[in-house]
Each structure stands twice: as structure tokens, then as C-alpha cells.
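Reading through the C-alpha cells given below for one structure.
The values are calculated or read from the model by the stated rules, or taken from the named source; none is laboratory data. As the structure is a prediction and not an experimental result, all values here were calculated from the model. Cβ coordinates were reconstructed from backbone atoms using ideal geometry, including for glycine residues, and neighbour counts include every protein chain displayed.
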Amino acid sequence: MQFVRYNGGSGPTMGIKERSKIYSVADLPAGEPSFEDLTNRRYLDRVRDGVRNGALSDRDEDDVDLLAPVPRPGKIVCAGLNYRDHAEEQNEEIPERPILFSKAPTTVTNPNSPIVHPDGEQVDYEVELAAVIGRFAKDIDEDEVSDYIAGYTVLNDVSGRDAQFSDGQFFRGKSYDTFSPMGPTLVAGSDYDPNAVDVELRVDGETKQSSNTRQFIFDVPELVSFISQNMTLRPGDVISTGTPGGVGIFRDPVDLLEPGQVCEAEIEGIGTLTNPVVES
């Protein structure tokens, strides 16, 4: 089930996307959902019934502006080097446990909104599957993880390579404003398998990254369980699961983003996240 956050005319609201229609979840007696609601099968069944029974008002998708599903996460926790093909392109050994870093919550921007290219920075793309936490999670086992996930979305982990490499750590280079485009949908429900979906990124229509989450070194249950052993996860926190091979900085020749280009980050079952690149 594809949830979307969008500008409904009187402010941001939530809906369900089916084909080319957006159905207003606010029409339900309970109103708009919390992230915890999205972990509740009974709630999801009520939403599904509302769409099928015509109880929810609808609008054409082209008539609304989609917004990031999580506008201001409490935290964004990212996995580095979590695809085998990405490790291979760097000639890196497979890590024995997840490598984690963070991005500032203020990096989040909407579908179709610009990625702002800082002057003089080397700006790179990284398509990633992101899991949104729906319930407080601490010290959870791998077989419990699915009960704590509100849904999955696309995150483009845009990276400033100059800052990243000169600092010797990731936070500044990953945290420029607009460096976490997110969307276009948030897929909820146990029928979505995050560990077996196609992942692709295109720049101006040319494919740069193409892989499948079967290439994960640590799958979603392993990754979220590991993170929860080290910190408390709260509803609305975002776990970004790493990027596959093909990033611009490791291409020969190096092939980075420039103002005027357009990024399309696509994940099977979620949709395509499109963002133009503009000058600062």
C-alpha cells in the first residue's frame, strides 16, 4: 500500500496512491495516521476498505504536489558499504558488522524539489532504500523488525565528496541542505519484501546505478536490529540501507552531478524520485 504525503491545498496531508489517484486518508474517522498506525494491520485494512468502498475522496495525482513522507526525521541513520557490488568497486573487504553514519534531518527535501549544488563541491548521487521506524525500538531481535517498520521509501543519499574526504568522516559532506531527497511514496504492509527489489538511479535518463537489494551485505532485519542494540529508535526515524555500485566518484573517469542535470532514483514497488540539480 503506497502512502503519500502531499499538499492538499490547505496544508500537508496524507493519502493513498492507487494508479493515478490519491485518496484522502483524513476522511477516515480516525483522521490522519501516525507512523505507529502504519505498523497496525487492522488500520491498513480499514484504509484499504475505505478506498474500495468509495469512502475516501480522491484527486488526480497530477493535481497535487507530493512531499517527503518524513519531513523532519528525528534522526537519519545510514549504512555505509552495504552492497557487495559497491564494496567491489572500491576494492574494499566485506565488513563484519554494519558501518554506520548519520545525516542531519535538515537535509530532507521533497520529490521534484531541487538538489542545491554547493559552489566548488563534488556532488554525488546514491540511490538507497530507506526504512521508516513506526514504533519505539530498543534491543529488538531480527525476527521482530518487521513489526517496527512503518514503511519503505526512496532516499537519494546525495554526498559532497570534497567535504567527506577532506574531513575524514561523513557528517558534513552528507549534510548539506537538500542532500536527502525522499519519496515519492511510503510503502506499508507486510507483503513488501525490502530484501529483493530492483534499485536504479539515472542522470538525465542515463542509468548510473542498477542493482537489487539481494546484494545487501546486511539485510533490513539484520541492520535495524543491530542499530537498535546501540541506540533507541523512535517513530519517524529513518534508516537508509546503503547504495549499490555505480556512484560517480568511483567511475573512470569520475562522473559527478552538475547544475542543470536531473536525478531519477527508482526502487521497485515504491516509485521514482525525481530531483533537478541547481546552482547554490
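When the residues of the stretch 189-220 are filtered to those that are of a type in the set (A, V, I, L, M) and touching a Pro at 6+ places or on another chain (Cβ under 8 Å), which remaining residue is nearest to ALA265 (Cα to Cα)? Out of the qualifying residues, it is VAL199. Among the conditions (1) of a type in the set (S, T, N, Q); (2) in contact (Cβ under 8 Å) with a residue 60 or more places away in the chain; (3) surrounded by fewer than 23 Cβ atoms within 10 Å (Cβ to Cβ); (4) part of a strand (DSSP E or B), SER210 misses just one, which is (2).
Candidates are the residues of the stretch 174-209 that are among the polar types (S, T, N, Q) and within 16 Å of the chain's Cα centre (by Cα); the one that is farthest from LEU256 (Cα to Cα) is ASN195. Condition check: farther than 23 Å from GLN215 by Cα, modelled with pLDDT under 95 and in contact with a Ser or Thr (Cβ under 8 Å, 6 or more places away or on another chain). Does SER113 satisfy that? Considered against the rule, which asks whether it is farther than 23 Å from GLN215 by Cα, modelled with pLDDT under 95 and in contact with a Ser or Thr (Cβ under 8 Å, 6 or more places away or on another chain), SER113 comes out as no. Restricting VAL132, VAL154, VAL116 to those that are over 27 Å from GLU268 (Cβ atoms), of a type in the set (Val, Ile, Thr) and not in a loop (DSSP other than H, G, I, E, B) reduces the list to VAL116.
Listed by position, the strands (runs of 3 or more DSSP E) contained in the stretch 37-91 that have at least 1 residues being of a type in the set (A, V, I, L, M) are 65-67, 76-80. Within the stretch 224-239, residues that are in a helix (DSSP H, G or I) have Cβ atoms under 7 Å from residues that are acidic (Asp, Glu) and surrounded by fewer than 20 Cβ atoms within 10 Å (Cβ to Cβ) in these pairs: SER225/ASP141; SER225/GLU142; SER228/ASP139; GLN229/ASP139, counting only partners at least 6 apart in sequence or on another chain.
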